[in-house]
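K.L.:
Below is the structure I would like to discuss, written out as structure tokens.
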Amino acid sequence: MDEALHHIIIVGGGAGGLELATRLGKTLGKPKKARITLLDFHRTHIWKPLLHEVAAGTFDAYENQIEYMAQAAKNHFEFRLGRMDHLDRATRTVYLAPTHNDKGEEIIPRRQFHYDTLIMAVGSVSNDFEIEGVSEHCLFLDTVRQAESFQNKLLEAYIRANTQSVPLMSGQLDVVIAGGGATGIELSAQLHKVSRLFKTYGLDQINPGDIQINIVEAADRILPGLPPRLSQATEDELTKLNIKVLKNERVVKVTKTELHTNTGRVIPACIKVWAAGIKAPDFLQDIAGLETNRINQLVVRPTLQTTRDENIFALGDCAECPWPQANSIVPPRAQSAHQQASLLAKSMKRRLAGKPIADFRYYDYGSLVSLGKYSTVGNLMGNLTGSVMIEGFMARMVYLSLYKLHQFALFGFYRTMMLSISHLFRASVHPEIKLH
């Protein structure tokens, strides 16, 4: 490695961070115009919007994950495994905590890396709002490991119920999802599908109609951040699937077997999922004197530079970025991270050339919510058409294209097409759900 090169460190290999590292590796790393390093505490990447499918067992993480080391080698950037836990702005140094294996043995010692430009892309985690019992008794979907733990618990619960000699107890296979946002809704539809598929694969002593899936939302409608007509269309579809939607119900306590709300409602369930809000990782709170908000996001200027250090940028869910056109902040969505990564790829080239960098302008292309094979609803935004609501097959195709755009950014057109074709062949011989 050439220590004299301008060193750009990207912390976080999520959708935005990995896309940015790949683009900068090709444009700056390959011609030796800069040194690009990606830091992440996982060895592999998976597109976070798919974690609800991993949890339900309808998407195999091992077949679809991307290995950071391989992606780095092919795209001319470096990858270093580790979890960032400290920042020294005076010396421009990032510190990584020691890495341990599952036995608690240290495999990588504490390390430090000097940067010239630092880009924070560490995403978000679930926000439990310090509600009693949530962290102890709810499952979260922030990582592949958590999603797979959910799937294992679900499968074990069905196998146990299928072979027991006594009738199902109240709530024994029921699921309650706290949070009526896109993640909770999409997960509920996948679980409805899985409850029917298990019978196909031999767990035939369970009547799918005896399983109740509940969504608990504190607001007066699900998908509160989206247009009301989209919320109603989604609720109508959920009702058809016999998924119960409980609105104006705020969770106040969770126990091992029940979820309690502010109205006194008690919901028994064997599986309780928390999808009721996000925050940036706790280690970002006031890190190195940088400005952060109440959910730990780094406050950035329109250029995506942090307000107190022009050498540090932030993108994606961990950034509070102004959205002047809507008199708001940029929402934490995959399309936001994708657009910000595209801008920063250009900004880094201009920064190295000593040229001014552009402000970020967020373009809202709409939102889509997938109910699996049952339906997809959403709205598309355009300068000429305004907001157009779409449903059914067309909406499903647009929804699937979002993941393809992410793959295009990482692999290019040809390799993405080959992956799509291979996926079709695998689907013809593999079961529809993961059974181990």
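No lab work stands behind these numbers, since they all come straight from the coordinates. As the structure is a prediction and not an experimental result, all values here were calculated from the model. Backbone-built Cβ (ideal geometry, glycine too); neighbour counts: all protein chains shown.
K.L.:
Multiply the residue gap between residue 358 and residue 112 by 0.36 nm, knock off their C-alpha separation, and tell me the result in nm, one decimal place.
P.N.:
85.5 nm
K.L.:
Residues with beta-carbon under 13 Å from that of residue 205, excluding residue 205: net charge, scoring Lys, Arg +1 and Asp, Glu -1?
P.N.:
The answer is 0.
K.L.:
Return a whole-number percent for the relative contact order of the chain, with Cα pairs under 8 Å and 6 or more residues apart as the contact set.
P.N.:
Relative contact order of the chain: 17 percent.
K.L.:
Using helices alone, I'd like the mean residue ellipticity at 222 nm for the chain: each DSSP H run of four-plus residues gives -39500 (n - 2.57), total over residue count, nearest 500.
P.N.:
Value at 222 nm, helices only: -10500 deg cm²/dmol.
K.L.:
For residue 30, which lysines qualify as cross-link partners when the Cα separation must be under 16 Å and same-chain residues fewer than eight apart are set aside?
P.N.:
Leaving aside lysines fewer than 8 places away in the same chain, those within reach of residue 30 are 74, 346, 349.
K.L.:
Let me ask something else about it. Considering the values (1) 101, 52, 36; (2) 63, 50, 44; (3) 71, 55, 46, which represents Cα extents along the principal axes in Å as calculated for the structure under consideration?
P.N.:
(3)
K.L.:
Oh, and also: What is the Cα centroid distance between segment 76-115 and segment 1-54, reported in whole angstrom?
P.N.:
15
K.L.:
Next question. If I stretch the segment between residue 248 and residue 3 completely, what's the gain in nm (0.36 nm per residue apart, minus their alpha carbon distance), one decimal?
P.N.:
Net length gain for the segment: 82.5 nm.
K.L.:
While we're here: So which lysines pass the test for residue 103, namely a Cα distance under 23 Å, with those fewer than 8 places away in the same chain ruled out?
P.N.:
153
K.L.:
When 18, 284 are ordered from fewest to most other Cβ atoms inside 10 Å of their Cβ, what list results?
P.N.:
284, 18
K.L.:
Just grab the label-to-label distance for residue 95 and residue 417, each label 7 Å out from Cα along the Cβ direction, in nm (one decimal).
P.N.:
For residue 95 paired with residue 417, the spin-label model returns 5.1 nm.
K.L.:
So how do 63, 291, 19, 148 line up by other beta-carbon neighbours within 10 Å, fewest first?
P.N.:
63, 291, 148, 19
K.L.:
Still on this structure: Once you have the Cα-Cα distance between residue 204 and residue 85, take 0.36 nm times their residue separation minus that, and quote the gain in nm to one decimal.
P.N.:
37.9 nm
K.L.:
Also: Can you list residues from other chains, or at least 5 along the same chain, whose modelled amide H is less than 5 Å from the amide H of residue 320?
P.N.:
Here 298, 299, 300 satisfy the definition.
K.L.:
Further question on the same structure: Give me a comma-separated list of calculated 3J(HN,Hα) values for segment 301-307, in order, Karplus coefficients 6.51, -1.76, 1.60 applied at θ = phi - 60°, integers in Hz, x for any Gly or Pro.
P.N.:
7, x, 7, 6, 7, 5, 5
K.L.:
Here's a follow-up. Between residue 105 and residue 283, what is the FRET efficiency for a Förster distance of 22 Å, r being their Cβ-Cβ separation, to the nearest 0.05?
P.N.:
0.40
K.L.:
Looking at the chain, send over the antiparallel percent of its DSSP beta bridges, to the nearest 5.
P.N.:
55
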